[in-house]
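Encoded as C-alpha cells, the structure appears first; notes follow it.
The values are calculated or read from the model by the stated rules, or taken from the named source; none is laboratory data. Worth saying up front: this structure is predicted, and the values here are computed from it rather than measured. Here the Cβ positions follow ideal geometry from the backbone for every residue, glycine too, while neighbour counts run over all protein chains shown. The protein model used for the area step is the full one, side chains on, heavy atoms only, and it has no ligands, DNA or RNA in it. Shrake-Rupley method; radii C 1.70, N 1.55, O 1.52, S 1.80 Å.
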Amino acid sequence: MAKVQTSSSRPYHIIIFGASGFTGQFVVEELARTMSEGPNGTLKWAVAGRSRPKLEKVLEQAAGVLGKPELRAAVEVLVADVGEPDSLAAMCKQAVIVLNCVGPYRFWGEPVVKACVENGAHCIDICGEPQFLESMQLNYDSQAADKGLYIVGSCGFDSIPADLGVIYTRDQFKGTLTAVESFLTASAGPEGASIHDGTWQSAIYGFADSEKLRNLRKKFGHNPLPVVGSKIKRRCGKRCVSVCGEIAQYAVPFMGADPSVVKRTQRFLHEDYQETPVQYGAYAGVGGAANVAKMLIVGVMFWLLVKFSFGRNLLIKYPEFFSFGYFSKDGPSRKQMEGSSFQFAFHGEGYTEGQDPSQGPPNSKIRTLVQGPEAGYVATPITMVQAAITILNEPTALPKKGGVYTPGATFARTTLVERLNKHGVQFSVI
C-alpha cells in the first residue's frame, strides 16, 4: 500500500514543482480551491521552483483570484532547480507527492523522477510525450516498485480523459467491451483559443525523435496483445483526413500521447488483472474544409522543418506564424480559457453477457462522453490535482505494488471518475 502520511521530516502532502510556470500557476489555484479534500479534510502543501520572487508572486496572484489572502502566509515556498540535484533531493524528502509541472519533460523530467524515487516521494506529471513516459517506465519501474512509490505520468488532458474514458466505457458496458474509438472536439468562445508554446515545443521534439521512440519500444520485448472480436480498422486509411459522421466534421488520427497511454493501460489490466484488452482508435475533429486546408499547410511546413535543426529553431522561434496563431508564447488569456471547452465521444462495441466472442462479431454497442472546460489550463489542473488527492485518500485502491504507471493503471479501481465529475470534468453514458 502506498505511504501517504506526512511526518515531521516529510511535512507536505503535496509540493507543486514548477509552480511559477504557465501551467503551474493554474495548478496552484486549483489546489488552493480543493485543500479541504485532503486526508481528514486538511492538506499541507508547498510550491517550489527556481525563483522565490516568482513563486511568491504566483501565490499572491492565486490569493487575489480566489479571495484567499491567507495563502501568501500559509503556503511554504521552496527553492529547487532541475540543474541542482541536491535541491531536488531536499524538495522530494519533504513531500508525499510531487506534482511536476516543468516541461518539456524530455529535457527536464528525468531528474525529478530520479529524485522522487531516490528520496521516497510519489510523482505525478502532465506529460504528453510518449518517449519520456515510456523511458521512465523502462528505467525506473523496478526501483519505484521496490520502494512502494507510484510514478504516474500524463495526468493532465493528456491523457486522463482518454484513458479513464475507455475504462469508464468498459465499466458501463453490460458484457465484454472489445473496441473503442474516441472523437475529440473542442470549442472556443468569442475571444478565440490559444495554447502555450510549451506544448508546441514538446510536439516538435517528439516528431524529431520518433525513430528513438520506436527503438525504445523494442527494449520492452512485449508480445502483441490478444485481439478479441473484430479487429479495429484505421478510419482514414492512407489519407490523413476523412469525413467523420460521428462528429459531423472532418477528422484526423489523434497525434498525441493518448493512443500509447491507453495501450499501456490495457496491457497492464490484461497482464495483472486478466481483463480483456480493449482495442483503441483515437481521432480529433478539425472542423470544415477551411480548417482542413490550414491544417494541411501547417502539417506540411511542420513535417519539412522538424527534420532539421535549423527548421526546428524556426518552429520554436515563431510558433504563432507556423500554427496560424493557435500556439503562442503568451498562451491563452483568462477570457479565452473561460470560453473554451472540450468533448470526447467514445463509441464502443463488444459482446453482451453470455455471448461467446469466438462465435461471431460483436453484438452490442455503447456511447459515452467525457466533457469539460478548457483543456490545457483549466481541465489539466483539475485532473492533476484530483489524481494526487485520490492517491492520498485511496492508497488501498491503487495497484498492489509501486511502479511507473499510466493513469488508467493507477486509478482503474479508485473513485477518480466520481471526483472529476464533481469538479467539472464529466463522464456520462449517452
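Applying the selection to region 42-56, what residues are open to solvent by 70 Å² or more (accessible area, probe 1.4 Å), at pLDDT 95 or above and closer than 18 Å to Leu99 by Cβ?
Lys44, Arg50, Lys54 - these are the residues of region 42-56 that are open to solvent by 70 Å² or more (accessible area, probe 1.4 Å), at pLDDT 95 or above and closer than 18 Å to Leu99 by Cβ.
From the list Arg217, Arg234, Arg170, which one is charged (D, E, K, R), in a loop (DSSP other than H, G, I, E, B) and assigned by the TED database to the domain that holds Asp356?
Details: Arg217 fails: in a loop (DSSP other than H, G, I, E, B); Arg170 fails: in a loop (DSSP other than H, G, I, E, B).
Exactly one of Arg217, Arg234, Arg170 is charged (D, E, K, R), in a loop (DSSP other than H, G, I, E, B) and assigned by the TED database to the domain that holds Asp356, namely Arg234.
Do we find that Ser36 is surrounded by fewer than 19 Cβ atoms within 10 Å (Cβ to Cβ) and among the hydroxyl-bearing types (Ser, Thr, Tyr) in this structure?
Working: surrounded by fewer than 19 Cβ atoms within 10 Å (Cβ to Cβ): yes; among the hydroxyl-bearing types (Ser, Thr, Tyr): yes.
Criteria met by Ser36.
Please determine whether any residue of region 38-46 is free of Cβ contacts under 8 Å to residues at least 40 places away in the same chain and on the phi > 0 side of the Ramachandran plot.
Within region 38-46 (the criterion being free of Cβ contacts under 8 Å to residues at least 40 places away in the same chain and on the phi > 0 side of the Ramachandran plot), the answer is yes, since at least one residue qualifies.
Looking at (1) in a loop (DSSP other than H, G, I, E, B); (2) more than 15 Å from the chain's Cα centre (by Cα), which is the one condition that is false for Val102?
Answer for Val102: the failing condition is (2).
Filter region 178-212 down to the residues that are outside any helix (DSSP H, G or I) and small (Gly, Ala, Ser) and list them by number.
Start the filter on region 178-212 by keeping residues that are outside any helix (DSSP H, G or I), which leaves 178-196, 209.
The answer is Ala179, Ser182, Ala186, Ser187, Ala188, Gly189, Gly192, Ala193, Ser194.
Scan region 122-148 residue by residue and report those that are surrounded by fewer than 24 Cβ atoms within 10 Å (Cβ to Cβ) and outside any helix (DSSP H, G or I).
Scanning region 122-148 gives a single hit, Gly148.
Being part of a strand (DSSP E or B), closer than 30 Å to Leu66 by Cβ and not aromatic (Phe, Trp, Tyr) is the filter; apply it to region 295-352 and report the residue that is least open to solvent (accessible area, probe 1.4 Å).
Residue satisfying both the conditions and the ranking: Ser328.
What's the number of the only condition in (1) out of contact with any Cys (no Cβ under 7 Å at 6 or more places or on another chain); (2) more than 30 Å from Glu320 (Cα to Cα) that Phe207 fails to meet?
(2)
Gly189: open to solvent by less than 40 Å² (accessible area, probe 1.4 Å), touching a helix residue (DSSP H, G or I) at 6+ places or on another chain (Cβ under 6 Å) and closer than 27 Å to Gly245 by Cα, yes or no? Give the derivation first.
Numbers: open to solvent by less than 40 Å² (accessible area, probe 1.4 Å): yes; touching a helix residue (DSSP H, G or I) at 6+ places or on another chain (Cβ under 6 Å): no; closer than 27 Å to Gly245 by Cα: yes.
No: the conditions fail for Gly189.
List the residue pairs whose Cβ atoms are under 6 Å apart, where the first residue sits in region 130-143 and is free of Cβ contacts under 8 Å to residues at least 40 places away in the same chain, the second is open to solvent by 40 Å² or more (accessible area, probe 1.4 Å), and the two are 6 or more positions apart or on different chains.
Note: pairs meeting the criteria are Phe132/Arg106.
Looking at Thr390, Thr406, Thr415, Thr396 in this structure, which one is farther than 14 Å from Cys155 by Cβ, within 18 Å of the chain's Cα centre (by Cα) and either in the same structural domain as Val102 (by the TED database) or surrounded by fewer than 21 Cβ atoms within 10 Å (Cβ to Cβ) (or both)? Don't jump to the end; show me each part of the working.
Numbers: Thr390 fails: farther than 14 Å from Cys155 by Cβ; Thr406 fails: farther than 14 Å from Cys155 by Cβ; Thr396 fails: within 18 Å of the chain's Cα centre (by Cα).
Just one listed residue meets the conditions, Thr415.
Could you tell me whether any residue of region 143-150 is under 30 Å from Asn291 (Cβ atoms), modelled with pLDDT of 95 or more, of a type in the set (S, T, N, Q) and not assigned by the TED database to the domain that holds Ile204?
Here is the first cut: in region 143-150, the residues under 30 Å from Asn291 (Cβ atoms) are none.
No, the conditions are met nowhere in region 143-150.
Scan (1) open to solvent by 30 Å² or more (accessible area, probe 1.4 Å); (2) at pLDDT 95 or above; (3) not hydroxyl-bearing (Ser, Thr, Tyr) for the single condition Ala74 breaks and write down its number.
(2)
Looking at this structure, is Ser309 at pLDDT below 90 and among the polar types (S, T, N, Q)?
Answer is no for this residue.
Taking the stated definitions as given, is Leu59 under 30 Å from His196 (Cα atoms), in the same structural domain as Ala144 (by the TED database), out of contact with any helix residue (DSSP H, G or I) (no Cβ under 7 Å at 6 or more places or on another chain) and open to solvent by less than 10 Å² (accessible area, probe 1.4 Å)? Steps first, please.
Working: under 30 Å from His196 (Cα atoms): yes; in the same structural domain as Ala144 (by the TED database): yes; out of contact with any helix residue (DSSP H, G or I) (no Cβ under 7 Å at 6 or more places or on another chain): no; open to solvent by less than 10 Å² (accessible area, probe 1.4 Å): yes.
No, not satisfied.
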